[in-house]
Amino acid sequence: MKYAMNWVYLLLGLGLLTPNTYAQSGYPPPCDEVKQIKLDTDPSKRQILGDFIRACEQNQWKNDKGIVLLREYQNEQGKDCWLLLPSIDDSYKDNPPGRFASFNGDIILVFEADSNRSIIEAQGDKSALNQCLEQIIGDRVYIRPTIKTRWTDNVMPFTNRKMKVGVRRISAGNGGSLIIIFNSDGSYKKLLPV
């Protein structure tokens, strides 16, 4: 009897360990068009990404919406750099990247950029990239409206002419963007873009 109970405990223990082992290995992405990469390869990069995402959660991301757009580039001195941008909409679809990373459940889209931080267009079928990214991102972003105009019944002051477009709200500032410059010794510097 004691021998049989030991087997039961052993099998039960293995059964409990198996899901944890599988969960630690992660799940593959739902599609192959966009390549998953690992960004948090050292403690500094993990700290940078963690701090940036926490700031996004507090300031830019609203209503459970938000992803990070990361532009990798080399500056004029040849140093590796990141430009980190918070996003809550699907503007990535205009020029979808070919790579992404997952960091503690958050999605980071990784774009290749030139020294001016301008995105270099990804190789591949844009429609296929977007379909794959939609599966990966899910409901983490708002879908931009297809209609780009706004109705209004307001009139212009003093002239009494009808305004053609509704009020637009544009705010200044960098919107939470951050530049990281990596040095060869493993240190880094944070800058706000201008």
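Overview of results
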{"quantity": "Answer residue from the stretch 142-170, given it is assigned to a strand (DSSP E or B) and open to solvent by less than 100 Å² (accessible area, probe 1.4 Å) and is modelled with the highest pLDDT among those", "calculated": "Tyr142"}
{"quantity": "Index of the failed condition, Ser87 passing every other in (1) farther than 20 Å from Gly138 by Cβ; (2) open to solvent by less than 30 Å² (accessible area, probe 1.4 Å)", "calculated": "(1)"}
{"quantity": "So Leu133, is it outside any strand (DSSP E or B), surrounded by 10 or more Cβ atoms within 10 Å (Cβ to Cβ), modelled with pLDDT of 90 or more and not β-branched (Val, Ile, Thr)", "calculated": "yes"}
{"quantity": "Matching residues in the stretch 105-125 - criterion: being under 25 Å from Arg54 (Cβ atoms) and open to solvent by 60 Å² or more (accessible area, probe 1.4 Å)", "calculated": "Arg117"}
{"quantity": "Filtered residue count, the stretch 44-74, keeping only those that are exposed (fewer than 14 other Cβ atoms within 10 Å of the Cβ) and in a loop (DSSP other than H, G, I, E, B)", "calculated": "3"}
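The values are calculated or read from the model by the stated rules, or taken from the named source; none is laboratory data. Since this is a predicted model, take the numbers as computed values, not measurements. Here the Cβ is made from the backbone with ideal geometry for all residues, glycine too, and neighbour counts use every protein chain on show. Accessible surface areas use protein heavy atoms only, side chains included; no ligands, DNA or RNA. Shrake-Rupley method; radii C 1.70, N 1.55, O 1.52, S 1.80 Å.
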